[in-house]
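One structure is given here, and the rest of the page talks about it.
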Amino acid sequence: MLNQLAGVGIGLLLALAVGSALLARARHAAALTYGASALICLALAGIALQALGAGGAPGVALELRVGMPLARTQLGFDALSAAFAVIVNLASAIVSVGAIGLGRHVREQQRVLPFYPAFIAGMNVVLLAQDAFSFLIGWEFMSLASWALVVSDDCSDSNRRAGLVYLIMATGGALTLLLAFGVLAGPDGGYAFGQMRQATAFAPAAIVLVLALIGAGSKAGLVPLHAWLPLAHPAAPSHVSALMSGVMTKVAVYGFIRIVFDLSGPPAWWWSIPVLLAAAATALLGVLHALMEQDLKRMLAYSTVENIGIIFIGLGLALTFKANGMAVAAALAIVAAIFHGFNHSLFKSLLFLGSGAVLHATGERDMQRLGGLIHRMPLTALAFLAGCVAISALPPFNGFASEWLTFQAILLSPQLPQWIPRLLVPAVGATLACSAALAAACSVRAFGSTFLGRARSEPAAGAGETDPWSLGAMLVLAALCLLAGVLPGLVIDSLGSVSELVVQGRLAPQSGQPWLGIAPVDAQRGAYNGLLVFVMIASAAAVTALIARRFASHALRRSAAWDCGFPEPSPLAQYTPGGFAQPIRRVFGSVVFRAREQVSMPGPGDTGPARLRVELHDTVWDALYAPVVRAVDATAGYLNALQFLTIRKYLAVVFIALIVLLVIIGTSR
Amino acid sequence: MRAWVTQFVQLVLVLAFAPLLTGLTRRIRARLLRRQGPPLLQPYRDLARLMRKEAVVAHNASWLFRSAPYLIFAATWVAASLVPTFAGGLMFSAAADLIVIVALLGTARFFLALAGLDVGTGFGGIGASREMMFASLAEPAMLMVVFTLSLFAGSTQLSNVSAFLLGPGAGLSFSLGLALIALFIVSIAENARIPVDNPATHLELTMVHEAMILEYSGRHLAVLEAAASLKLLLHLSLIACVFTPWGMATAGTGWAGYLAGFGAWLGKLAAGGFLLVLFETAIAKMRVFRVPEFLGMALMLGLLGVILLFVSRVSG
């Protein structure tokens, strides 16, 4: 029954896409489309929650007589897809509410409205698919719809370039997934997931792992396949960026879990090594890139890369533990990973909506030209601050709860029998700790230069509070971030059936813990109580404030800033985001970015300004992508000559091609 | 019941003794420099005076500026009250393990850095920027120490860690020594002591912590000063609790045990403060960009300790 209902929901989303394509120029088309999307997503989230509670949907899968010959399209929930469907649809519903407000500012509605519900429908098809064909069709649908949204504003060169890079990467990713499913299906060609689990793959499962890492990893933004993500995510309108960064990356994570944990059979212990290496590199590089970025939305996109790294660290740990038969540890790691995915869908959506609000209030994405918005957009600032605290993994918000679980999983790994993971895991743990601390620096930098201090430009000084719809959405997301942080036990318990399905182990139920705390392995090993920590901080702050109120002087005088006696009137004398990150750039950047600083001072008597030139390299792009681009360019230039042949030469080319093909066919017979 | 009482007493004790510890370190430092030094109780007087004074707030300071001191203080206070000092068996010790305590200090630091940026002055920015750069190395180093300890004790709960180190299973270990050095370096950095930072200077280019709180005055400054004292107490108590857990009262002991535990804690604090100041007076302030090397050393020592443990453990 739940499967059929979910199918109806997807159908409604598709119908909405068609309807809004026809009526995109109508007066309230945007509000109606986003409102309807929000309602449908909310219903889908409810259905998925039901299915998750039941550990999958009882009853038959929804069979559609469309699709490939010999293979029917099968849609249905199991525990894993239900969990991800909750994540995807909950965030999509709230973002759609915010989009009612933010979506009005889009210039050409007909280029956004039809693709928005289609994008969400595509993600749901991926999650519900029970066979490889519908999975891939949903995957491509999701990619193309989001590509259309990325290029919806094609006025700038950078957006067109982002669209091109995204299209190439998405095509390559889908191709590798296609190959992965082909290997898994075996010689008999059973493309339903149920058949794949039984089938003997006709190639080593390690090939599937590599293909899944490339296919799903490129969509998720795993280093070194992340290059498209910081280009494409910020190029879309802000509410779409929220969906792409907060939600679509989770669909990619789902794809990875489905293929590697569910369909590929028992893993070998060394599978975790490439996963952990890529994940640790992703976490560290992502946050360092985010720290170097001046553009608010690109900064958020790079921070998505970092969080994907954290999620994949959990997945890599789960793989090692599963391979060694440590079911509880594997359950802990996979729960940590999915929980972090859930958290990231909440706070990244919140932060992108906030950046959209800032963008529409000021017309600026460059943090160097913002500042002081806390005075003019107080509620946006409050919600954005909550998102910043959550993403920096600070208690009592939700980002900390999932990172705490990941640390607990890392601490279980000395029991691993192999040497290599035992050496690798502590290094990964140090990387995770380092990226968490850098993420806090990144949040301070982003919030500080956008919302605090003095306005650095005219538009920032004249901004006003954003519309009530996006404010409401942001505040709800902020409240959910806090709620998931103080009651992590609820999330862990509801993921029990998922870990049962994926790693054949589950954590002890957390509902029995005193005071709603969590103790995932056992209370003696480590326990955390977000609720109690929150109550203690709140009451300690309240008591302190009361004491200060009772015993301290009440006098408060407003005056000019002190600034050691020499306040500088120009707001340009404040710390800029670039200046804020300079110490970190000096410490980490000289290796990672081959950063060079050059100061040119004017000579004595010269009144010209001194100049600081900073040179940063994207080392991954230079090492991996630039050669490919150069090779393609060179080949294209070389082949270009073929365009200007005489008719005799063309005929000769056709003739030679024919001969070659005939020879190939003849010899292969 | 006893757990509640212990927890409450601890909450009050850390608050009551934190300024005393600050006064003690200032006094010892002055004596080591052949100066007279302020009276031991001077920090209390300073706090009382600041409380009585009016607060001067910059025109463009936001609500964050005015509420941040209370949040910073609250997070530090909660963290300090969860580190066993004179007795184990705290009521809320199950609420937070070592990782949470580290993260609570991170929350306090986060809001302190934001408060530094709020008014939009150059000094606030320089302090916040440098503080976050130090933290990007100090926090992972601290977590590596936590990893080392919890791999020894098989638990991240502080009460279990100190119980394990008291028990017969513990012995001298190379990893433990590395962790102690790393924790000491982190404590120096976190508490803005020489050679990382100098709490006694207002020389602009050298200050980090002072730069962030430069705009504060009156009751806000008092609360922030108290939070800084609490943080020093927390770090010394943490080192004492983990590396010298002797004398701490356990759940079964009577009143005499608790008194002895209290005395032992005071003794350990005084000794720790003395050693800290001794180190401080023997070394010169570092340039800012030497500090990452200093903290990176702590991180590497911590990581080395953890890897040694990971490799040497066959079963946990």
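The values are calculated or read from the model by the stated rules, or taken from the named source; none is laboratory data. Source: prediction; values computed, not measured. Cβ: placed from backbone, ideal geometry, glycine included. Neighbour counts: every protein chain shown. Surface areas here come from the heavy atoms of the whole protein model, side chains and all, with no ligands, DNA or RNA. Shrake-Rupley method; radii C 1.70, N 1.55, O 1.52, S 1.80 Å.
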Query raised in the report: Quick check: is even one residue across region A:536-543 within 9 Å of chain B (Cβ to nearest Cβ), open to solvent by 60 Å² or more (accessible area, probe 1.4 Å) and either within 28 Å of the chain's Cα centre (by Cα) or modelled with pLDDT of 90 or more (or both)?
Result: yes
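Given the criterion in the same structural domain as residue A:355 (by TED's automatic domain parsing) and within 17 Å of residue A:407 (Cα to Cα), identify the matching residue among A:300, A:291, A:319, A:296. Lay out the reasoning, then the answer.
On the way: A:300 fails: within 17 Å of residue A:407 (Cα to Cα); A:291 fails: within 17 Å of residue A:407 (Cα to Cα); A:296 fails: within 17 Å of residue A:407 (Cα to Cα).
Matching residue, one of A:300, A:291, A:319, A:296: A:319.
Of a type outside the set (D, E, K, R), assigned to a helix (DSSP H, G or I) and buried (at least 24 other Cβ atoms within 10 Å of the Cβ), is that true of residue A:124?
On the way: of a type outside the set (D, E, K, R): yes; assigned to a helix (DSSP H, G or I): yes; buried (at least 24 other Cβ atoms within 10 Å of the Cβ): yes.
Yes.
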Report task. Would you check if there is a residue in region A:557-576 being over 30 Å from residue B:52 (Cβ atoms), among the β-branched types (Val, Ile, Thr) and facing chain B (nearest Cβ under 8 Å)? Result -> no
Query raised in the report: Identify, please: which residue in region B:291-316 is free of Cβ contacts under 8 Å to residues at least 24 places away in the same chain and outside any helix (DSSP H, G or I) and is, among those, nearest to the other protein chains (Cβ to nearest Cβ)?
Result: B:315
Query - Qualifying position, being open to solvent by 10 Å² or more (accessible area, probe 1.4 Å) and within 12 Å of the chain's Cα centre (by Cα), among A:347, A:342 - result: A:342
Query raised in the report: Looking only at region A:434-487, which residues are touching an Asp or Glu at 6+ places or on another chain (Cβ under 8 Å) and without any contact (Cβ under 8 Å) to a residue 12 or more places away in the chain?
Result: A:437
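Among residues belonging to region B:243-299 that are among the aromatic types (Phe, Trp, Tyr) and open to solvent by 40 Å² or more (accessible area, probe 1.4 Å), point out the one that is nearest to residue A:586 (Cα to Cα). Full working, then the answer.
Keep residues of region B:243-299 that are among the aromatic types (Phe, Trp, Tyr), which gives B:243, B:246, B:255, B:258, B:262, B:265, B:274, B:279, B:289, B:294.
Next, from what is left, pick out any that are open to solvent by 40 Å² or more (accessible area, probe 1.4 Å): B:246, B:255, B:262, B:274, B:279, B:289.
Numbers: B:246: 43, B:255: 55, B:262: 46, B:274: 35, B:279: 28, B:289: 8 Å.
Filtering first and then ranking leaves B:289.
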Query raised in the report: Are any residues in region B:38-50 open to solvent by 50 Å² or more (accessible area, probe 1.4 Å) and under 26 Å from residue B:115 (Cα atoms), and if so, which ones?
Result: B:44, B:45, B:46, B:49
Query raised in the report: residue A:470: of a type in the set (S, T, N, Q), within 14 Å of chain B (Cβ to nearest Cβ) and over 19 Å from the mean Cα position of the chain (by Cα), yes or no?
Result: no
Requested in this report: Could you check, for region A:352-365, whether at least one of its residues is outside any loop (DSSP other than H, G, I, E, B) and among the charged types (D, E, K, R)?
Outcome: no
Requested in this report: Within region B:25-37, identify whether any single residue is farther than 19 Å from residue B:212 by Cβ, open to solvent by less than 10 Å² (accessible area, probe 1.4 Å) and in contact (Cβ under 8 Å) with a residue 12 or more places away in the chain, and answer yes or no.
Outcome: yes
Query raised in the report: Any chance region A:605-628 includes a residue that's over 30 Å from residue A:218 (Cβ atoms), touching a Ser or Thr at 6+ places or on another chain (Cβ under 9 Å) and surrounded by 10 or more Cβ atoms within 10 Å (Cβ to Cβ)?
Result: yes
Report task. Among the numbered conditions (1) of a type in the set (Asp, Glu); (2) open to solvent by 30 Å² or more (accessible area, probe 1.4 Å); (3) more than 23 Å from residue B:104 (Cβ to Cβ), tell me where residue B:225 comes up short. Result -> (3)
Query raised in the report: Looking at (1) touching a strand residue (DSSP E or B) at 6+ places or on another chain (Cβ under 6 Å); (2) open to solvent by 40 Å² or more (accessible area, probe 1.4 Å), can you tell me which one residue A:489 breaks?
Result: (2)
Report summary line: Given the conditions (1) within 30 Å of residue B:221 (Cα to Cα); (2) touching a Gly at 6+ places or on another chain (Cβ under 6 Å); (3) surrounded by fewer than 12 Cβ atoms within 10 Å (Cβ to Cβ), every one holds for residue A:602 apart from (1)
**Report entry** Test set (1) closer than 17 Å to residue B:191 by Cβ; (2) aliphatic (A, V, I, L, M); (3) surrounded by fewer than 24 Cβ atoms within 10 Å (Cβ to Cβ) - residue B:141 fails condition number
**Finding:** (3)
Query - Scope region B:87-146; condition at the interface with chain A (Cβ under 7 Å from one of its Cβ atoms), farther than 22 Å from residue A:390 by Cα and not in a helix (DSSP H, G or I); matching residues - result: B:92, B:94, B:119, B:120, B:121
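Please determine, by comparing only the residues of region A:502-532 that are more than 14 Å from every other protein chain (Cβ to nearest Cβ) and open to solvent by less than 60 Å² (accessible area, probe 1.4 Å), which one is nearest to residue A:90 (Cα to Cα). Break it down into steps so the answer makes sense when it comes.
Kept after step one, since they are more than 14 Å from every other protein chain (Cβ to nearest Cβ), are these residues of region A:502-532: A:502-509, A:511.
Retained after the next criterion (residues that are open to solvent by less than 60 Å² (accessible area, probe 1.4 Å)): A:502-503, A:505, A:507-508.
Details: A:502: 22, A:503: 25, A:505: 26, A:507: 24, A:508: 26 Å.
Selected residue: A:502.
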Report summary line: In the set A:553, A:590, the lone residue that is closer than 27 Å to residue B:227 by Cα, among the small types (Gly, Ala, Ser) and surrounded by fewer than 21 Cβ atoms within 10 Å (Cβ to Cβ) is A:553
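Out of the residues in region A:184-206 meeting the condition of being assigned to a helix (DSSP H, G or I), among the aliphatic types (A, V, I, L, M) and open to solvent by 20 Å² or more (accessible area, probe 1.4 Å), tell me which one is modelled with the lowest pLDDT.
Keep residues of region A:184-206 that are assigned to a helix (DSSP H, G or I), which gives A:184-185, A:193-198, A:205-206.
Within this subset, residues satisfying the condition of being among the aliphatic types (A, V, I, L, M) are A:184-185, A:196, A:205-206.
Of the ones still in play, those that are also open to solvent by 20 Å² or more (accessible area, probe 1.4 Å) are A:205-206.
Numbers: A:205: 81, A:206: 86.
Taking the candidates together, the pick is A:205.
Would you confirm whether or not region A:146-154 contains a residue that is over 24 Å from residue A:363 (Cα atoms) and open to solvent by less than 30 Å² (accessible area, probe 1.4 Å)? Break it down stepwise before answering.
The first filter runs over region A:146-154 and keeps only residues over 24 Å from residue A:363 (Cα atoms), leaving none.
No, region A:146-154 contains no residue that is over 24 Å from residue A:363 (Cα atoms) and open to solvent by less than 30 Å² (accessible area, probe 1.4 Å).
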Query raised in the report: In region B:147-171, what residues are within 18 Å of residue B:94 (Cα to Cα) and more than 8 Å from every other protein chain (Cβ to nearest Cβ)?
Result: B:149, B:153, B:158, B:159, B:161, B:162, B:163, B:164
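Conditions tested, residue by residue: (1) without any contact (Cβ under 8 Å) to a residue 40 or more places away in the chain; (2) under 21 Å from residue A:528 (Cα atoms); (3) not in a helix (DSSP H, G or I).
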site	(1), (2), (3)
A:338	no, yes, no
A:341	no, yes, no
A:349	no, no, no
A:390	no, yes, no
A:396	no, yes, yes
A:404	no, yes, no
A:425	no, no, no
